[in-house]
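Just below is one structure, and these are the notes that go with it.
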Amino acid sequence: MKIICDWENCKKIGSYKAPIERDNSRKLRMLCLEHVKIFNKKWNYFENMNEQEIEYFVKSDLTWHKSTKSFGSSENFFNILWNNALDDKINIFRSSNFNEFKKNKLSSNDRDALDIMDLKYDTKWEEIQKKFKTLVKKYHPDKNHGSKKFEDKLKKITLAYSQLRMTMGKK
Ligand SMILES: [Zn+2]
């Protein structure tokens with residue numbers, strides 16, 4: 001049985017996952033390529049969150065780890081979106097720091113994530129956390145007179161951070 005795109009009035013095949021809720025509940029809907037692209041453009045995790053709430057979000061294990069038993073699973077809000085973003089490489093800034101790549105056995109996902117956060121490949125987890133906080137503050141609409149011009153950048157940074165958190169942030 002073929003899955004039809006969950007978008008209203010769309011009859012194409014839905015082969016791309018999109019999260020339904022902003023957590024790790026693993027509730028999914030399947031969308032066609034066209035509509036998953038629209039979804040990727042539109043989601044905004046930080047909508048209506050103030051700086052304190054974002055700070056809490058960064059610190060809180062609850063949001064990231066909630067009911068996530070195996071980290072191998074890629075079925076949570078950020079992972080799904082991160083994977084979608086990687087499928088769409090056009091939008092992802094990439095650098096080529098090959099020496100550091102050889103030194104560190106990072107996955108290409110981790111390297112992309114570090115590139116997006118403008119960090120070196122040997123950055124320690126504590127430094128990544130600090131950098132994330134700095135970047136969220138810098139690009140949050142509250143700090144830019146409510147302007148949403150950095151929304152995409154903030155999204156990518158958040159997805160990158162969630163990727164690194166899975167790889168490096170586990171105890
Ligand atoms: Zn569709």
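No lab work stands behind these numbers, since they all come straight from the coordinates. Worth saying up front: this structure is predicted, and the values here are computed from it rather than measured.
Fully extending the segment from LYS120 to ASN44, taken as 0.36 nm per residue of separation minus the present Cα-Cα distance, adds 24.7 nm. Compared with the alpha-carbon gap, the fully stretched path from ILE20 to LYS37 is longer by 4.6 nm at 0.36 nm per residue.
Put simply, the amide H of GLY14, placed in the peptide plane, has neighbours under 5 Å in ILE3, ILE4, CYS5, leaving out anything fewer than 5 places away on its chain. Derived scalar couplings between HN and Hα for region 143-159 equal 8, 10, 6, x, 5, 9, 5, 9, 4, 4, 4, 4, 4, 4, 4, 5, 5 Hz in order, rounded to whole Hz, by the Karplus curve 6.51 cos²θ - 1.76 cosθ + 1.60 (θ = phi - 60°), x for Gly and Pro. Over 30 Å apart at the Cα level, from the set LYS42/LYS133; LYS41/LYS130; LYS42/LYS138; LYS27/LYS120, are LYS27/LYS120. Taking 0.36 nm per residue of sequence separation and removing the Cα-Cα distance, the ILE3/GLU51 pair yields an extension gain of 13.3 nm.
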